Amino acid sequence: MKKLFLLASFLVLSILGAAQAAGGPAIELEKAENNLRDQDSLQRGAILFSNYCMACHSVKYMRYNRIARDIGWTDEDAIAKMAYGQNKIVDNVMTRMQPGVGMEVLGTEPPDLSLMARLKGPDYIYTFLRGYHQDENGNWDNIALKGTSMPNVLEGMQRHSAPDDYAQAARDITNFLEYVGEPAKLDRHDLGWKVIAFLLVLLLLSYLLKREYWRDIKH
Ligand code: HEC
């Protein structure tokens with residue numbers, strides 16, 4: 001009985017804990033509505049990432065050649081469009097920031113973003129990128145990460161682009177970061193269908209075989 005009680009309270013506590021963890025930030029996240037199968041979006045996202053983010057961030061678990069292969073570029077494209085011709089195709093995608101500069105200028109090292117979309121989810125990234133606003137004194141803050149030391153790097157777009165273009169740019173970057181978080185996701189989805197199809201064929205064959213085996217047996 002005591003054991004049962006302990007088990008029950010453990011379950012209740014862990015459910016409560018999980019609910020709290022899933023609650024996350026108290027704000028409503030915007031839906032990114034990005035699409036990993038949209039290669040044009042991934043290509044635009046990669047270029048935007050290089051232009052707007054790599055001054056501070058790396059995605060160091062990715063290499064240029066893997067990105068090229070996955071998003072439909074040649075090796076030359078990847079180096080020209082993401083690395084301004086400066087890197088080798090087998091290089092990892094490192095930040096252009098010199099070590100230590102982040103700490104000195106921003107008070108913190110900008111994190112590597114390889115797994116950020118896995119950690120926080122695409123909707124969070126999208127909301128964070130679009131979440132900058134200025135108070136009456138002109139100080140910037142972010143609704144998703146209050147007091148963040150990351151500047152509003154998309155400010156130019158936020159101010160001057162059409163709202164749809166600004167949204168699309170944030171969506172493309174988010175798409176790219178979700179892809180980077182799990183490059184094999186597309187392969188996995190494609191493979192999933194093949195496995196299911198194979199199992200269905202197997203099911204049909206085993207059923208026919210069973211009928212054949214039992215045909216002459218009275219049962
Ligand atoms: C000037 C340097 C700089 C640039 C450029 C920059 N970031 Fe950051 N970023 C930072 C810093 C610093 C942090 C850590 C922020 C903090 O902890 O307050 C950060 C944090 C982040 C985070 C994590 C937020 C969190 O909740 O912990 C994400 C996601 C991110 N950046 C995405 C981007 C993207 C995408 C771009 C390009 C569009 C970009 N950043 C460009 C400096 C930069």
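Observations on the model:
- Qualifying positions in the stretch 111-141 - assigned to a loop (DSSP other than H, G, I, E, B) and surrounded by 13 or more Cβ atoms within 10 Å (Cβ to Cβ): P111, D112, L113, S114, L115, G121, G131
- Criterion applied to T95, T108 was being in a loop (DSSP other than H, G, I, E, B) and either over 29 Å from R37 (Cβ atoms) or not assigned by TED's automatic domain parsing to the domain that holds G45 (or both), and the one residue passing it is T108.
- Residue among N137, N142 that is more than 9 Å from the ligand (Cβ to nearest atom), among the polar types (S, T, N, Q), assigned by TED's automatic domain parsing to the domain that holds L42 and at negative phi: N137
- Residues of the stretch 152-174 that turn out to be within 11 Å of the ligand (Cβ to nearest atom) and under 16 Å from L113 (Cα atoms), as a count: 5
- The lone exception for T95 - which of (1) within 10 Å of the ligand (Cβ to nearest atom); (2) in contact with a helix residue (DSSP H, G or I) (Cβ under 8 Å, 6 or more places away or on another chain); (3) under 15 Å from M54 (Cβ atoms); (4) touching a residue at least 12 places away in the same chain (Cβ under 8 Å) it fails: (2)
The values are calculated or read from the model by the stated rules, or taken from the named source; none is laboratory data. Because the structure is predicted, anything quoted here is derived from the model rather than measured. Cβ atoms come from the backbone with ideal geometry, glycine included; neighbour counts cover every protein chain shown.
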